[in-house]
Amino acid sequence: MKKTLILIVFATLSIFGYSQDWFGLERYKADNERIIANEKWPEVVFMGNSITELWVSYHPDFFSSNNFCGRGISGQTSAQMLVRFTADVVDLHPKVVVIMAGTNDVAHNDYWVAPDKVVDNIVAMCELAKANGIVPIISSIPPCKQFIWRKEIKDAGQTIADINKSLRAYAEANGIVYVDYHGALADKELGFPKALSDDGCHPNPDTYLIMENLVMEAIQTTLDK
């Protein structure tokens, strides 16, 4: 019950946002300033939405023990992440950035977004990372057949699968490591199995263990290049 309540709160924030700071530039400002002042740069930054934010909340040791930095903001679209990418990624000088975006675009959190625009925004983040000496890793959008906060959207599962196909194609064409969470987690209906998610969109705490194995392999592959 408690986990379900947490997920409902995150879904509500997905609609209304944390505050009038629509781009989320204030969300990590103090922590970013501390990192910059101490020049204690993270090895990897995870850029994302509530799925990334919950990951840090559920498994803080995974981030602290590996010198990883979570920069997830609930409800954010790929366009919002692109705007804060410099402050939350580039300025922290990581070796690698793991980008996971698109869920909230498909959910029409702010407005309808064409699937190819989601891909464009993620590509732009990758190019911005590379221009600043940071190696990008592209994460697939995790599965979701229906959003609890946007039940009127009926084709979420297929839209996510189509975007992931384009992301994989871009990654392969440009020598970027692609982490296929979707392939590892989705059922035959392109959603989360009930055992892996309480709300059909956000991974359970134990599901993140599967994701951690996948992303650690991707990070190691990237660093070994």
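For this structure, a couple of remarks:
- Scanning the range 127-144 for residues that are within 13 Å of the chain's Cα centre (by Cα) and outside any loop (DSSP other than H, G, I, E, B) gives PRO136, ILE137, ILE138, SER139.
- Top-ranked residue in the range 22-55 [being hydroxyl-bearing (Ser, Thr, Tyr) and part of a helix (DSSP H, G or I); ranked as nearest to the chain's Cα centre (by Cα)]: THR52
- Tally, over the range 90-121, of residues that are modelled with pLDDT of 95 or more, aliphatic (A, V, I, L, M) and out of contact with any Gly (no Cβ under 7 Å at 6 or more places or on another chain): 7
- Scoring PHE147 on the criteria (1) aromatic (Phe, Trp, Tyr); (2) touching a residue at least 60 places away in the same chain (Cβ under 8 Å); (3) surrounded by fewer than 20 Cβ atoms within 10 Å (Cβ to Cβ) leaves a single failure, condition (3).
- Flag for LEU190 being surrounded by fewer than 19 Cβ atoms within 10 Å (Cβ to Cβ), part of a loop (DSSP other than H, G, I, E, B) and either of a type in the set (A, V, I, L, M) or touching a Cys at 6+ places or on another chain (Cβ under 7 Å) (or both): yes
- Qualifying residues in the range 166-180 (those that are among the charged types (D, E, K, R) and free of Cβ contacts under 8 Å to residues at least 40 places away in the same chain) - the one surrounded by the most Cβ atoms within 10 Å (Cβ to Cβ): ARG168
- Any hit, the range 70-84, residues being over 21 Å from LYS225 (Cβ atoms) and basic (Lys, Arg): yes
- Taken together, ASN164, ASN104 contain a single residue that is under 17 Å from the mean Cα position of the chain (by Cα), part of a helix (DSSP H, G or I) and closer than 23 Å to GLN220 by Cα, which is ASN164.
The values are calculated or read from the model by the stated rules, or taken from the named source; none is laboratory data. Bear in mind that the values here come from a model prediction, so they are computed numbers and not experimental data. Cβ: placed from backbone, ideal geometry, glycine included. Neighbour counts: every protein chain shown.
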